[in-house]
1. Under 14 Å from residue 378 (Cβ atoms), touching a Leu at 6+ places or on another chain (Cβ under 8 Å), modelled with pLDDT under 95 and of a type in the set (D, E, K, R) - does that describe any residue in region 264-277?
2. Can you name the residue in region 362-378 that is within 8 Å of the ligand (Cβ to nearest atom) and on the phi < 0 side of the Ramachandran plot and, of all such residues, is surrounded by the fewest Cβ atoms within 10 Å (Cβ to Cβ)?
3. Please pick out the residue among 415, 425 that is within 12 Å of the ligand (Cβ to nearest atom), under 21 Å from residue 159 (Cβ atoms) and either of a type in the set (Asp, Glu) or surrounded by fewer than 21 Cβ atoms within 10 Å (Cβ to Cβ) (or both).
4. Pull up region 300-314, narrow it to residues that are under 11 Å from residue 410 (Cα atoms) and either outside any loop (DSSP other than H, G, I, E, B) or charged (D, E, K, R) (or both), then point me to the one that is farthest from the ligand (Cβ to nearest atom).
5. Could you grab me the full set of residues in region 387-409 that are in contact with a Gly (Cβ under 9 Å, 6 or more places away or on another chain) and either away from the ligand (no atom under 12 Å from the Cβ) or outside any loop (DSSP other than H, G, I, E, B) (or both)?
6. Could you list, in sequence order, all residues of region 315-346 that are within 15 Å of the ligand (Cβ to nearest atom) and either polar (S, T, N, Q) or surrounded by 18 or more Cβ atoms within 10 Å (Cβ to Cβ) (or both)?
7. What pairs come out if I take residues in region 361-382 that are small (Gly, Ala, Ser) and pair them with residues that are in a strand (DSSP E or B) and more than 8 Å from the ligand (Cβ to nearest atom) whose C-beta lies under 6 Å away, six or more apart or interchain?
8. For region 209-228, name all the residues that are surrounded by fewer than 23 Cβ atoms within 10 Å (Cβ to Cβ) and touching a strand residue (DSSP E or B) at 6+ places or on another chain (Cβ under 6 Å).
Amino acid sequence: SLGSSSEHIVMLPMMAQGHLIPFLALARKIHQRTGFNITIASTPLNIQYLRSTFYKDSTPATECSGIHLAELIPFGRIVDQSKLPIPDRNAENLPLDQMEELFSLTISLQAPFHRLLSDIKEKEGRPPLCTISDIFMGWAVEVAKSVGTINITFTTTGAYGGLAYFSLWLNLPHLRADSEELTIPGLPDRCRFHISQFHKFVRMADGSDPCSRFLQPQISQTFQSFGYLCHTAEEVEPLALEWLRNYIKLPIWAIGPLLPPVMLNKSPYSGSSMSKHRAGKQPGISLERCIEWLDLHCPDSVLYVSFGSQNTISPSQMMELAKGLEESRNPFIWVIRPPFGFDMKGEFKAEWLPEGFEERMSESKQGLLVRKWAPQVETLLHKSTGAFLSHCGWNSVLESLSQGVPIIGWPLVGEQPFNSKMLVEEMGVSVELTRGHDSTIEAKEAKKVIEMVMNKKGKGGEMRKKAVEIAEKIRAAVTEEGERKGSSITALDDFISAVLTKRFSE
Ligand code: UDP
């Protein structure tokens, strides 16, 4: 064992599903490996979400002794629970005033976080071993220091997407009126970005807007951390990790991907034995129905289409995509939600799809339309799934690549366009269909790209081959067999040794 089970680590994720899940996975990984106590601190609604989330092996998140959840009540404010941010929203989909509210709430967690650390210090006779905080919680560095411990920053994104995202914010203003293309400091000149890869908040930013005023100091403060944990593996992003190390000049431990164990078994899921794995209580289709449908189709023939947990495309894009899918005659599973501009949790209206589309797809068995939520992990594990049309959220990317499934990119917000660019240019496992929810996309373009990627020969075949190579690298990084430790396991052990050494050197 690397340490003593009495050590305590306190985690501070950003209040959004895409951050909470990898933080929870990291907590469990560290706990399994060391026996340390882990406390995850967040606002009451987010704690409630964590409590009700089944971790991806069907154990409730909190049923694991050694992992504790702590509520942070914004200090000095009268808290209206309904105003606290809900975890299943992407901040960049919020209107600017609500985003400002989220920023000020994030900052107001400083005092309760300080109190939590002080309480632990008093009770245990020493401060926690370290804190692990989100990139948006740069202030945690000072708070950790004030109680006599150190902070480590955990980026829930990959190295390329993370670096591009925060260098972009730190190096404002970067958008010259005379050019639609630019480079981002920290990334080599050959990585040219187009302004359509930046969210409108970035395009509007000049350093004095609410996003810049929040993000710039938060991100720069993380550079005073003891080090960075990054949700990627050395073999998966060797170059981007080198660029990131050069840019932030801190130790970086690539400890990912933190995937459900079922994704790391060797043989693809065939449908014969039902996996116990469940991604929590979610609305949508039953796992059994989904697997039965996949069982009807040939290996590598089905296109899985999903835009993650928080994003949707526009009504006209949805219409064209539906037509493109139908015309391609390729089997598909599509997670459908009300389009952009409508309540994502509301009723789905038939008028958003071509007339008779759902009936035709169901009769011909060409397409399975899944409302709101699909069992994504099982779908990607199934041998019939041959490609993933994805918004390039980092979890989806890792899940897909771990199964050797190539990607058709349709990035929407945040660092998704950077992930998509990396998948195309650095890895060769993806082709980008379009980006954003305001682009024009035609059915025939969608059909062409789907056919190209699903075709085993030519570019589609090459993409699949490269995705399989990445899958092997992922497996090697997270596997431990006898003496041989994968790079991500070594990195986690190195991280633990480094913080323990730091504590006992004082
Ligand atoms: N997910 C799922 N079913 C769905 C949509 C999403 O299981 O219908 C899961 C998916 O497996 C992934 C996560 O939700 O683990 C989405 O994370 P990602 O980083 O890809 O995107 P985000 O939702 O944060 O935009």
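1. No - not one qualifying residue is present in region 264-277.
2. Only one residue fits best here, namely 373.
3. 415
4. Here the answer is 305.
5. 387, 389, 390, 394, 395, 396, 397, 398, 405, 406, listed by residue number.
6. If the condition is that a residue be within 15 Å of the ligand (Cβ to nearest atom) and either polar (S, T, N, Q) or surrounded by 18 or more Cβ atoms within 10 Å (Cβ to Cβ) (or both), then 332, 333, 334, 335, 336, 337, 338, 340 are the ones that fit.
7. Listed by first residue and then by second, the contacts come to 367/332.
8. 226, 227
The values are calculated or read from the model by the stated rules, or taken from the named source; none is laboratory data. Owing to the predicted nature of the structure, the values given are computational and were not obtained by experimental measurement. Cβ sites come from the backbone with ideal geometry, for glycine too, and all protein chains shown count toward neighbours.
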